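Read through the structure below, which is laid out as structure tokens, and then see the notes.
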Amino acid sequence: MSNRIPVILDGDPGHDDAIAWALAVSSELLDIRAVTSVCGNQTIEKTTYNAGRVLALIGLDVPLAMGRVKPLVADARVAPSVHGASGLDGPTLPEPKQQPVDKDACTLMAEVLEASEEPVVLVSTGPLTNVATLLLLYPQLKQKIRAIYLMGGGIRYGNWTPAAEFNILVDPEAAEVVFTSGLPITMAGLDVTERALVFPEDFARIRAVGNPVAEVVADWLDFFYDFHRNIGYAGAPVHDAVAVAALIRPEIMTMQDMYVAIETTGDYCRGMTVGDPLNIWQKPANARVILDIDREAFVDLLVEAAEYYGKGGERA
Amino acid sequence: MNKQPMLLDCDTGVDDAVAILLTKHLINLELVAVTTVAGNVELEHTTENTLRVLEFAGMGHVPVYRGAAKPLFCELYTAHHVHGSNGLNNMELPPAKRQAETMPAWDAIYECAKRYAGELTIIAIGPLTNLALAIAKYKELPKLLKRIVLMGGSATGGNVTPAAEFNIYVDPEAADMVFTCGADVTMCGLDVTMASYFTEQELDELAAQGSKQAVFARDVLQNMLKFYRAYGLDGVAFHDPATVLYADNASCFQSERAGIRVETKGKLTRGKTVTDLYSDKQMEHNANIVIGVDREAFLRRVFENIAQYGR
């Protein structure tokens, strides 16, 4: 256990969250201490239920807590067109083996941080509602946070609106809290995640690994790709898995430190991550923005992750 | 004379000055009028600079109409740090022998559009205040135009803020009025103009043509060259000249249809041209956006154009 990085997984599963979590569990570098759900891809009830189902599938037995029912200020918005009515449509999944703990997400996060001797990495693959709530309620625990790895935003463009990416658009105020926190941030935004394409032939490689997790991941990719194929993608952009990959295999990525601020107003730009790669504003960098990835190495990493579950799912 | 009529709306400005030089020897377009606007520097400078550069280029016959001294709804934001105190890198061209016409720019735009109904190309290389005022005053104007080609905006990052390009940032409301006016609008933004650059050596090669215009083009851009070097670009972006050459002949440029709107309300993003070019979410496609250039071919076109000033 000793040299592993303590981690809290916070997300809104969601196909790509689920694959990200499967990847995280497979890594011997990480020591996952808790999982928290957030509303985003679907309602908080659905993402929490999905989180329980994913934990059962990937054999992750850590406390799970439910996040806020809505973003900090904005109304909730969901993405059934991408993830289906359940938020995780596609293959049949096991029922959750555990109920969420009887405390909210940021309380569980705070307890894990307090109990940890070493600073913890937060991996956020949904809207930043829980992370921001944690920072607002427990500012004294900042020193227990080693870094925040997040999937969200895009310096060059958006997806849910032309300027904004979904996770940041859902809760721009939370994103602003996080990006102004002073904590080290690694941002896996659309700049990189839309280059982290997994092609149908890669799904076949994962499926061929031949264990139940690998088969479900391949089915999730099939489902996820269906939506993206219809809007012109050559593969499935497995956005959230890039945030985990950045933690366990940063050497396959290109990153640039820069100042990033969140637009919370505007007719067209609310939820935009405004990055300043040219340093026009002359402000110190507050984020490490991932700009590119070795796509084939990323796919190899996902195949390796699938192979981990072929060994019986026991963690060393 | 088979060339198509063209009106240039400008805020001269060092790269506007080079753009004006290029308008004398275009292949398909004939400069029939020039309107001036405040932007790079104040209106009194942009107007005087325009008159001087036109005479310097031997185009003292082209009428010049003075336009808006400030943006529609906000205060003027200038770029003296790039263009010098007089807007021409503090170079002194001979004073113009004439003054601007008395008709305001927006009326001149309309009169010109009526005279050349359906044939007039407007190239706008400054803030879009004059065009917006013309559109506001004459509702039939967009239908009378052949097209509007403008320098401004960006499909990705900006230059005056991380989100906004200068010309759009100066008058975002005017820009949105132009993008939504119903005319055939093409945006030459930073996506293409930053790729349409001259290195210091290439500017020297241009000056070596020997004409006073070629030498002036190099000299007027020297401060801009320094400015760009601070941002890591080894050269000076030919924003306005590239826009003029694109409007004259689109060969060596790539463009796409896109939706473009201007953010006027964001606290960080005011003046951003928001486009659906790269996003899943699509908008109504109201404009063309020029996104690429064959730089070598572009350089050749600039050299060939300026060479026509002789030695």
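Bear in mind that the values in this text are calculations on the coordinates, not laboratory data. This is a predicted model, so every value here is computed, not measured. Cβ: placed from backbone, ideal geometry, glycine included. Neighbour counts: every protein chain shown.
A few points about this structure:
- Sites A:Glu117 and B:His80, calculated FRET efficiency, Cβ-Cβ separation with R0 45 Å, nearest 0.05: 0.20
- Percentage of interatomic Cα-Cα distances in chain B larger than 28 Å: 31 percent
- Per-selection metrics, the protein assembly as shown (Cα): Rg and Dmax in Å: 28.0, 89
- In this calculation the C-beta distance from B:Glu304 to A:Ser81 is compared with R0 = 60 Å, giving a FRET efficiency of 0.70.
- Derived scalar couplings ³J(HN,Hα) [the stretch B:290-306; Karplus, 6.51 cos²θ - 1.76 cosθ + 1.60; whole Hz; x for Gly, Pro]: 8, 10, x, 8, 8, 4, 4, 5, 4, 4, 4, 5, 5, 4, 5, 5, 5
- Centroid-to-centroid separation of the stretch A:136-204 and the stretch A:1-65 [C-alpha atoms, Å]: 16 Å
- Anchor A:Lys46: lysines whose Cα lies under 20 Å away (excluding residues fewer than 8 positions away in-chain): A:Lys70, A:Lys97, A:Lys103
- Packing-based ranking, highest mean first, of A:158-169, A:53-64 given that Cβ atoms within 10 Å are counted: A:158-169, A:53-64
- Note on A:224-232: average number of Cβ atoms from other chains within 10 Å of each residue's Cβ is 1.
- Shielding of B:153-160 by partner chains, average beta-carbon count, 10 Å: 3
- Rounded to 5, the percent of DSSP beta bridges in the stretch A:5-310 classed as antiparallel: 30 percent
- Under 5 Å between amide hydrogens, built in the peptide plane, is the criterion, and for B:Ile291 it picks out B:Gln254, B:Ser255, B:Glu256 among residues at least 5 positions away or on other chains.
- Diffusion coefficient, µm² s⁻¹, Stokes-Einstein with Kirkwood Rh over alpha-carbon pairs of the stretch B:229-305 at 25 °C and 0.890 mPa s: 167 µm²/s
- Checking the cross-link pairs B:Lys70/B:Lys272; B:Lys24/B:Lys265; A:Lys283/B:Lys226; B:Lys3/B:Lys143; A:Lys144/B:Lys281 against a 30 Å limit on the alpha carbon distance flags B:Lys24/B:Lys265; A:Lys144/B:Lys281 as lying beyond it.
- Net charge dipole size for the stretch A:47-145 [Lys, Arg +1 and Asp, Glu -1 on Cβ; Debye, nearest 20]: 280 debye
- Positive-end ranking of B:Gly126, A:Ile155, B:Met91 along the dipole of the protein assembly as shown, with charges on Cβ about the Cα centre, is headed by B:Met91.
- Peptide A:160-170 is shielded by partner chain Cβ atoms: per residue, an average of 4 of them sit within 10 Å of its Cβ.
- Separation between Cα centres of the stretch A:81-128 and the stretch B:263-311, rounded to whole Å: 44 Å
- The sum of -39500 (n - 2.57) across all DSSP H runs of n ≥ 4, divided by the residue count of chain A, sets its helix-only mean residue ellipticity at 222 nm to -11500 deg cm²/dmol.
- Value of relative contact order over chain A, rounded to a whole percent, pairs C-alpha under 8 Å and six or more apart: 20 percent
- Reach of B:Lys137 by Cα under 13 Å, taken over aspartates and glutamates that are not fewer than 8 positions away in the same chain: B:Asp107, B:Glu111
- The charge dipole of chain A, taken about its Cα centre with unit charges on the Cβ atoms of Lys, Arg (+1), Asp and Glu (-1) only, comes to about 380 debye.
- Within the stretch B:4-307, percent of DSSP bridges classed antiparallel, to nearest 5: 30 percent
- Calculated log₁₀ intensity ratio I(q)/I(0) where the Debye formula runs over C-alpha points of chain A, q = 0.15 Å⁻¹: -1.19
- In the protein assembly as shown, a dipole from Cβ-located charges (positive for Lys and Arg, negative for Asp and Glu) runs towards its positive end, and of A:His83, B:Cys188, A:Val299 it is B:Cys188 whose Cα lies farthest in that direction.
- Counting DSSP beta bridges with both ends in the stretch A:1-156, the antiparallel % (nearest 5): 0 percent
- Shape index of the stretch A:124-200: Rg/Rh, with Rg the Cα radius of gyration and Rh the Kirkwood radius from the inverse mean 1/r over Cα pairs, equals 1.02.
- In a reduced charge model with +1 at each Lys and Arg Cβ and -1 at each Asp and Glu Cβ, chain B shows a dipole moment near 440 debye about its Cα centre.
- Among A:85-98, A:245-258, sorting by the average number of other beta carbon atoms lying within 10 angstrom of each residue, highest first, gives A:245-258, A:85-98.
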